[in-house]
Amino acid sequence: MTDTIDHPKETHAFQAEVSRLLHLMVHSVYSNRDIFLRELVSNAADACEKLRYLALETPSLVGEDGDLAITVAVDPEAHTLTVADNGIGMTRDELVENLGTIAKSGTKAFLEAVGEGQSKSSNLIGQFGVGFYSAFMVATRVVVTSRRAGTDQAWTWISNGIDGYEVTPADVADAPARGTVIRLELNEESRAYAEKATVERIVETYSAHVPVPVRFVEPGKEAENLSDGSALWAKPKSEITPEAYKEFYGNVSGQWDEPALTLHYRAEGRHEYSVLLFVPSMKPFDLFDPARKGHLKLYVRRVFIADDVDLLPHWLRFARGVVDSEDLPLNLSREMLQHNPVLEAIRKNVTTRLLSELAKTAENDADAFGKIWDAFGPVLKEGLYEDADRRDELFAISRFKTTASGEGTRSLKDYVGALKENQTKIYYILADDLARAEARPHLEGFRARGVEVLLLTDPVDAFWVRTALGFDGKPFQSVTQGAADLDAIPAGDDAEKPSEAEASAAVDLIAELKRVLGEEVSDVRSSARLASSPACLVAPEFGPDKQFEKIMARHQGATPFAKPVLEINPHHALVKAIAARLGSDAALVEDAAHLLIGQARIADGDTPTDPADWSRRLNRVLEKALSA
Ligand code: ADP
């Protein structure tokens, strides 16, 4: 159908985000404009791979022209650069949908991550794929002509990158038989991109390992091959340079940071397949996307099949790369991909290999592993909760901030190796961040005895720590929950212990506090957990930790909190002073009781249950003290 009367020229405005993105790119990434070509070549390669995949079912889509390739053509006189592919192509609607809106979640996330005018943005654009729009960094006008495989109408999309775009039916003479031609009319500063040396250099740097051949054409000369489209993962390791790995990583992940870890191997035996995967050093933007999708690409005998198959558990979703199977049939249906025993076996093996590679790094290069853990520890810890079978492997690489870790981190092995006499548990505290964790009064008694406590500050910690049975036979125990059972662990020599008189005064005080506080607490008791604070609140023995309740309340609305236990420090001067007033000043003791529990809440980052009442009591006591 070439009837232009049915399809008059249509002019569209860009979505608001597109204009913002364009503005950002053009104005902040002047230094690395080269990346536009990398983005266009990568789109062209994707288009060829999509066609290859669809043609498995519908061979007629490829027909005679089965030689899929990308052609970069320049015209130094006309100042144009063209990137063409004979891949899947786009219909009119796809042109509008794909090039007129920001389809890609990464691009949106990118915009959210960089506020306008932030200097970080130039660096980020270099490291993340921002796609087609980067063409406007170098072009005053971009003309895209595309014909979707299997259709007979081609369409042209034209834009100057500022005002919006036009879509018109393409001239038959200009239209490719299939696929997409993207012509850039280069702006003045970008004319070097119409030179062979520049194109060669960029393709060599960024695109030499895309799995589709790249050719170069200039007027009056024969086409040359810039890259042969051979699969890097199929080559022997000894033939691959670190630069080639890095560049392939960039192509496969759309991220251009240094990979923190590279794993390349070929599995032989019951199933044959090649694996080339990477752990990024930078967190991908969608790391905490609720879908928790992985991004490994599945190939079957060098043919791209899908990039949304779960080839790794969710908690390894940060890995990027390729799995290429020799045994799977090419015409895999979606359903077959879901429950395929070969894929299951691959998944299991790749998981084991990646975990053991991480363990090796942790063992041999603590610094490198520390960076990986910083970026992906919170994701790996999801596995502690979800995958009981992998828990031991994950515990082996898990690293923690603790009350003894200083600047570094500690492993559970380190922790267990440093247990105190009579210590039978691994103690932890849950909090929103390190500062808050370290400020909790609950730690005082542990510090006084030199007992190490894990400081757990990732939301996921509240989950795994409840379900994991322990490590090396030692159960995990929250220091804000249950009895502290610290009495068996000897305190330092200079630690003062409550005298008998203090202890018996505490018994009466505890009875009075229970009476005054009534329903507000489930119990009041004296505690070895405290040293310099007079009181703290802990969760009852059997029930959720308070931090866990807080997280659940945040996500699911308020849930009733289990009534806490108030613990007092019988050795503390304030506690002793209150005890001394028992029987002589009932009103003051009652105020003090409420002030004690209120300040314990404040130390936990909460507010007193009835702040107005609490302030009145505080004022009354202060006034009395100051006017005495
Ligand atoms: P991304 O490729 O990261 O999704 P882009 O902005 O580069 O983002 O491209 C948007 C979409 O446009 C692509 O997802 C793809 O569907 C389509 N597209 C871009 N270039 C081509 C091409 N050469 N052939 C077919 N489709 C393309």
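Before moving on, here are some points about what is shown:
- Across the stretch 225-342, the volume of the C-alpha convex hull divided among the residues equals 121 Å³ per residue.
- Taking the convex hull of Cα positions in the chain, its mean projected area over all directions (nm²): 36.7 nm²
- Rounded to the nearest 20 debye, the dipole size of the chain about its Cα centre is 1180 debye, using +1 on the Cβ of Lys and Arg and -1 on the Cβ of Asp and Glu.
- Rg/Rh for the stretch 410-627 stands at 0.98; both radii use Cα atoms, and Rh follows the Kirkwood definition.
- Cross-link partners of residue 576 among lysines (Cα-Cα below 16 Å; sequence separation of 8 or more within a chain): 497
- Note on residue 237: no aspartates and glutamates have a C-alpha under 12 Å away, same-chain residues under 8 apart excluded.
- Beta bridges per DSSP with both ends in the chain, % antiparallel, nearest 5: 75 percent
- Comparing the stretch 209-269 with the 2.2 N^0.38 Å rule of thumb, its C-alpha radius of gyration ratio is 1.39 (two decimals).
- To the nearest ten degrees, helix 611-627 and the longest principal axis of the Cα atoms of the chain are 50 degrees apart.
- Alpha carbon centroid spacing (whole Å) that separates the stretch 203-239 from the stretch 374-415: 42 Å
- Exceeding the 19 Å Cα-Cα cut-off - candidates 50/196; 246/283; 360/425; 283/371; 371/401: 50/196; 360/425
- Between the stretch 417-480 and the stretch 253-297, the alpha-carbon center distance in angstrom: 33 Å
- Length-normalised contact order of the chain in % [C-alpha pairs under 8 Å, at least 6 apart]: 9 percent
- log10 of Debye I(q)/I(0), alpha-carbon scatterers only, for the stretch 362-439 at 0.12, 0.25 Å⁻¹: -0.38, -1.44
- With Cα atoms, 0 to 90° folded angle of helix 341-364 axis to the chain main axis: 60 degrees
- Rg then Dmax, both in Å and based on the Cα atoms of the stretch 293-389: 14.7, 44.
- Taking only the Cα atoms of the stretch 571-628, the ratio Rg/Rh comes out at 0.98, with Rh defined as the Kirkwood radius.
- Loop-located GluC sites (Glu not before Pro) in the stretch 206-253 (DSSP state not H, G, I, E or B) with no more than 14 neighbouring Cβ atoms inside 10 Å: 222.
- Per residue, the Cα convex hull of the stretch 494-546 amounts to 105 Å³.
- Relative to the longest principal axis of the Cα atoms of the chain, helix 35-57 runs at roughly 80 degrees.
Every read-out reported here was derived from the displayed coordinates using simple, explicitly stated rules and does not represent laboratory data. What you see is a predicted model, and the numbers here were worked out from it, not measured in a lab. All Cβ positions, glycine included, derive from the backbone under ideal geometry; neighbour counts span all protein chains shown.
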